[in-house]
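Visitor: Take a look at the following structure, please.
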Amino acid sequence: MTRRVPEWMVGLAFVSPWLIGFLAFMALPIGMSLYYSMTQYTMLEPPIWVGMDNYTAMAGDRVFWTVMKNTTIYALVAIPLGTIIAVILAALLSAKVRFQSFFRAAVFVPTIVPLVATAMVWMWLFNGELGLINIALDACFRPINALFGTDLAGPNWLGSAQWVMPALILMSFWTVGQAVVIYIAALKDVPEVLYEAAEIDGIGVVGKFVHVTLPMISPVILFNVIIGIINTWQIFAVPYIMLGTTGAAKRSGYFYTMYLYDKAFPFGEMGYASALAWVQLMIILALTGLTFVVSKKFVYYRAA
Amino acid sequence: MTSQAQTITRRAALGALGAAGLGFAIFGPRRAGDAPPGRVVIDYWEKWTGQEGDAMRRVIDAFNRSQDRVWVRYFAQSAIDQKALISIAGDDPPALVGLWDFALPAFVESRAVIPLADLDAEFGDEIARDFASRYGVPDFRLRREQYTAPAWELMHHDGVMGGVVSTCSSMAYYYDRAAYRDAGLDPDAPPRTIRELDEHAERLTVMRDGTVERAGFLHREPGWWNWLWGYFFGGTLYDRAKETALASSAENVRAYEWLQSYPEKYGTQRLTAFQSGFGGYNSAQQAILSGKVASVLHGPFLVNVIDRFKPGMDYGAAPFPVADEIYDPDRPIGLVEADTICVPRGCPHPREAYEFLLFTQLPRNIEALAIDHAKPTPLATPSPDFARRHPNKAIAVHNKLMASDRAFPKPETRAWPQFEAEFNAEITTMWELTRPAADVLADIDARAQRFIDIVVERRERRYGAKS
């Protein structure tokens, strides 16, 4: 015996695990966080309504501006440089060379290494005294110092306020592999005839890359830039593991999400943390929107 | 577009239900583990793993064996204060939770832990009778006279006993006796004053080719207590009565100027680079174990690491040196900390929880834990053989600190985590000599005061002004 069930109910039943999960664990907490953002809420006591106080308090919160500045600098440098590196790597890895698969795997593998392991390894690489990076730098500086009598030495990457940000940005390139894979797929999709036409017009390798490849993969670049904006504004685990709760010397490696987390849990200010989360959402939305608007001038969508 | 009706067979429906049932059986909630039938099972969250966790498990096993009504299960948790906070907020807490003493103000003020006086009023008599017959301890209660004054204070906030001390620590000056001998210093005469410490540090420091090979003393190793140096100059950070931050007091300024004198003397870059080569706390590369630093401010638990990675190391310990004018050998100054056991609000079995909590406070259990953790005793009168059984040969120093009237806890305010974060963020500014200590401390003071004011304002809004 069978029972006929309308199609929409079957569909709903199939999506219900996700739907219930979304409503219970996403929509409801999001709504509640909006409410909490307008309260003083310690989690241990009932929230007290304070209206927009948490939002206005941010204006006078020095740490808020520090994390804003740090996150912005990180995003402004890491996203463009990461994009350039990823596109160049993708172009190189698209070339037909021996061991192509090996090189592609080598670029991608770091992205599947757990974050904690990555952080621990890089902490040692950046070690001011024993780190491999400084050992390599010192080897380079030695002849220069001998020749010019200078005193060049590798910096104390994670121990000094000036070098924390460059170290983290440098480290962010470790995981460009994910973007590289997407760019390789996009590069494969560029019609060969366009390169042939460019060649007939006498355009060189660089010209073809600038005038053919880049426009053709520009939608993919846009996608990666937007993902990059979202990810960099949410950077948390790696600096938290590497630099500790206050983000190293003078909060130089203290990012927005780290502050949000600290406010919510160790500092017990869930109301303020919720307001920070909403401001973060607005910033990401605004930046994504801005990127879309600006991209209209630069992104070329090929007709299907 | 046409709509198509789908069919689900009875077999498919039963199969799905069966799979769900199997999933529930495999992944669903567990029974109370290996608890014997008929026992009230209570869960105890604690922060300890490894050797320290095993020590508490032994106490739990002894309790579980000693009676047939209650069964305690031990769960080690990381970030326990945050997990406790979430579980209490979600009204699903464990029966007992181990919190650091500095978390007590937040949990007590927000009524997130049950005052132990309330539990005593409700269950104290009954449990005391049980303890008398079961353990031969007549009329056992939590009494002031059982504990040293600092330990008793660590159990309270605003006069409310929020938890009991399971273990406690006092921080002292630890030094490598071999390094002392190497530097021509008497290892039996550690520094008593800051002046002597500076002299020892200078002689212990070894420089080679313009780099530091061994630091005599480093304020920033292990770097866990960036805020406390002012206490050794007679200062404090917080006036509890007035709820005022005192980071920029004259004593604190003097202390941090003293801290700055080290990078001034040895070079900031040189010291920072030298320090970056230290290994983690729980490793053989830790500074004092690897011989990179000759002396540090540390807790008694350092001995566990020494025993593990460098057994046989000849170490010594003494109360941390203080400014000349406040030196008093009978009244040492030092930070005291405690791990406390609390009964959270919403505890499912308060009577049973309180019974186990009292069991941990039987002197023999307190001492067993202290010995296994290599920590001092919170008991006012330790057993005669406590020091002999203890793995830390300098435990007498820690016991003395733990009983000193000049021992100090972390400032008792809910704003402390933010207050401390300011020190942790700004210590580099002072260490790198970017700004004078007085200016940095004034900034810290201003920001800390704002956090304190928020806490006070929030408290008054909820509960009214303190009487």
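Visitor: In straight Cα distance, which lysines are under 30 Å from B:K375, not counting same-chain residues fewer than 8 positions off?
Guide: B:K47, B:K83, B:K292, B:K310, B:K393, B:K400, B:K410
Visitor: In nm, what is the difference between 0.36 nm times the number of residues separating B:Q269 and B:M207 and their Cα-Cα distance?
Guide: Values: separation 62, 0.36 × 62 = 22.32 nm, distance 1.40 nm.
Taking B:Q269 through B:M207 to full extension adds about 20.9 nm, to one decimal.
Visitor: Residue by residue through B:107-119, how many Cβ atoms from other chains fall within 10 Å of the Cβ on average?
Guide: Details: counts 2, 0, 3, 6, 2, 4, 1, 0, 0, 0, 0, 0, 0.
Across B:107-119, the average partner-chain Cβ count within 10 Å equals 1.
Visitor: With a 10 Å Cβ neighbour count serving as the proxy for reagent exposure, in which order, fewest first, do B:L358, A:L125 appear? Present the calculation step by step, with values, prior to reporting the outcome.
Guide: Values: B:L358 26, A:L125 19.
Fewest-to-most Cβ neighbours within 10 Å comes out as A:L125, B:L358.
Visitor: Please report the net charge: other residues with Cβ closer than 15 Å to the Cβ of A:N127, K and R +1, D and E -1. All intermediate terms of the calculation are to be shown ahead of the outcome.
Guide: Details: positive: B:K292; negative: A:E129, A:D138.
Net local charge, A:N127 excluded: -1.
Visitor: With +1 assigned to the C-beta of every Lys and Arg and -1 to the C-beta of every Asp and Glu, and no other charges, what is the dipole magnitude of region A:55-298 about the Cα centre in debye, to the nearest 20? Display every interim value, and only then the final one.
Guide: Details: 13 positive and 11 negative charges, 29 e Å.
Computed about the Cα centre, the dipole is about 140 debye.
Visitor: Here's something else I'd like to know. How do B:W258, B:W100, B:W45 rank when sorted from fewest to most other Cβ atoms within 10 Å of their own Cβ? Could the numbers behind the result be given before it?
Guide: On the way: B:W258 19, B:W100 16, B:W45 22.
In increasing order of surrounding Cβ atoms, one gets B:W100, B:W258, B:W45.
Visitor: Could you give the alpha-carbon Rg of region A:77-141 over 2.2 N^0.38 Å, rounded to two decimals? Could you put the intermediate results ahead of the total?
Guide: Details: Rg = 15.1 Å, N = 65, 2.2 N^0.38 = 10.7 Å.
Against the compact-globule rule of thumb, the ratio is 1.41.
Visitor: Okay, moving on. With runs of 4+ DSSP H residues as the only contributors, calculate the mean residue ellipticity of the protein assembly as shown at 222 nm using -39,500 (n - 2.57) per run, divided by the residue total and rounded to the nearest 500.
Guide: Working: 33 runs with 413 residues, N = 771.
Only helices count here, giving -17000 deg cm²/dmol.
Visitor: Counting Lys and Arg as +1 and Asp and Glu as -1, each charge on the Cβ, what is the dipole of the protein assembly as shown about the Cα centre in debye, to the nearest 20?
Guide: Value, rounded to 20: 2420 debye.
Visitor: To continue, here is another question. Within chain B, which whole H helices from DSSP have a Cα span along their axis of at least 18 Å and a mean Kyte-Doolittle hydropathy of 0.5 or more, if any? Before the final figure, lay out the partial values.
Guide: On the way: long enough: B:10-27 (25 Å, 1.21); B:50-66 (24 Å, -0.92); B:116-135 (23 Å, -0.38); B:250-266 (25 Å, -1.26); B:416-431 (22 Å, -0.42); B:437-463 (38 Å, -0.41).
Membrane-span-like by this rule: B:10-27.
Visitor: On a straight-distance basis, which lysines could pair with A:K96 in a cross-link, Cα separation under 28 angstrom, same-chain partners fewer than 8 positions away excluded?
Guide: Straight-line reach from A:K96, under 28 Å: A:K188, A:K208.
Visitor: Mind ordering B:340-348, B:433-441, B:165-173 by average Cβ neighbours within 10 Å, highest first? It would help to have the intermediate numbers written out before the result.
Guide: Working: B:340-348: 22.8, B:433-441: 17.7, B:165-173: 26.3.
Result, highest mean first: B:165-173, B:340-348, B:433-441.
Visitor: What is region B:318-467 by shape, rounded, prolate or oblate, if you read a ≥ b ≥ c off the alpha carbon gyration tensor as root eigenvalues and call it rounded for a/c under 1.5, prolate for a/b larger than b/c, and oblate otherwise?
Guide: Values: a/c = 2.49, a/b = 1.23, b/c = 2.03.
Oblate, since a/c reaches 1.5 and b/c is not below a/b.
Visitor: Under a GNM of chain A (C-alpha, springs under 10 Å), which listed residue has the highest mean-square fluctuation: A:L170, A:L222, A:L19?
Guide: Greatest mean-square fluctuation among the candidates belongs to A:L19.
Visitor: Among A:W278, A:W18, A:W65, whose mean-square fluctuation peaks in a Gaussian network model of chain A (Cα, cutoff 10 Å)?
Guide: A:W18
Visitor: Residue farthest toward the positive end of the dipole of region B:228-277, with Cβ of Lys/Arg at +1 and Asp/Glu at -1: which of B:Y231, B:T244, B:L271?
Guide: With unit charges placed on the Cβ atoms, the residue in question is B:L271.
Visitor: Suppose every K and R has +1 on its Cβ and every D and E has -1 on its Cβ; what is the size of the dipole of region B:309-467 about the Cα centre, in Debye to the nearest 20?
Guide: Working: 21 positive and 24 negative charges, 136 e Å.
About 660 debye.
Visitor: For a quick size check, give me the Cα extents of the protein assembly as shown along its three principal axes, largest first, whole Å.
Guide: Ordered largest first, the protein assembly as shown gives principal extents of 96, 91, 50 Å.
Visitor: Hey, if you put +1 on the Cβ of every Lys and Arg and -1 on every Asp and Glu Cβ in region A:55-298, which of A:W122, A:V107, A:V206 ends up farthest toward the positive end of that dipole?
Guide: A:W122
Visitor: Using DSSP, restrict attention to beta bridges with both residues in the protein assembly as shown and report what percent are antiparallel, rounded to the nearest 5.
Guide: Numbers: 33 of 47 bridges.
Percent antiparallel among DSSP bridges in the protein assembly as shown is about 70.
Visitor: If you don't mind, there's one more thing I want to ask. Only Cα pairs within less than 10 Å get springs; with that Gaussian network setup on chain A, which residue of A:N224, A:N145, A:N134 has the largest fluctuation?
Guide: Of the options given, A:N145 has the highest mean-square fluctuation.
Visitor: Answer with one residue from B:A437, A:T246, A:I169: the one whose Cα lies farthest towards the positive end of the charge dipole of the protein assembly as shown, charges on Cβ with Lys, Arg +1 and Asp, Glu -1.
Guide: Of B:A437, A:T246, A:I169, it is A:I169.
Visitor: If R0 is 45 Å, what FRET efficiency do you get for B:I26 and A:V5 from their C-beta distance, rounded to 0.05?
Guide: Values: r = 29 Å, r/R0 = 0.64.
Efficiency, rounded to the nearest 0.05: 0.95.
Visitor: Find the Cα radius of gyration of region A:55-298, compare it with 2.2 N^0.38 Å by division, and give the number to two decimals.
Guide: On the way: Rg = 21.1 Å, N = 244, 2.2 N^0.38 = 17.8 Å.
Ratio of Rg to 2.2 N^0.38 Å for region A:55-298: 1.19.
Visitor: Within 10 Å of each Cβ of B:277-287, how many other protein chain Cβ atoms are there on average?
Guide: On the way: counts 5, 3, 3, 2, 0, 0, 0, 0, 1, 0, 0.
What the average comes to for B:277-287 is 1.
Visitor: Name the aspartates and glutamates eligible as straight-distance cross-link partners of B:K265: C-alpha to C-alpha under 18 Å, and not fewer than 8 places from it in the same chain.
Guide: Partners found: B:E196, B:D198, B:E199, B:E202, B:D209, B:E213, B:E221, B:E257, B:E432.
Visitor: Stick to the Cα atoms of region A:1-100, pair each with every other, and give me the Kirkwood hydrodynamic radius in Å at one decimal.
Guide: Numbers: mean 1/r = 0.0507 Å⁻¹.
In region A:1-100 this quantity evaluates to 19.7 Å.
Visitor: Follow-up question, since we're still on this one. For a quick check: sort A:T175, A:T288 by the number of other beta carbons within 10 angstrom, fewest at the front. Walk me through the numbers before you get to the answer.
Guide: Values: A:T175 20, A:T288 16.
Fewest to most other Cβ atoms nearby, the residues stand as A:T288, A:T175.
Read-outs throughout are calculated quantities, based only on the coordinates presented, and are distinct from any laboratory measurement. Owing to the predicted nature of the structure, the values given are computational and were not obtained by experimental measurement. When we count neighbours, we look across all protein chains shown, and the Cβ atoms used for this are built from the backbone with ideal geometry, even at glycine.
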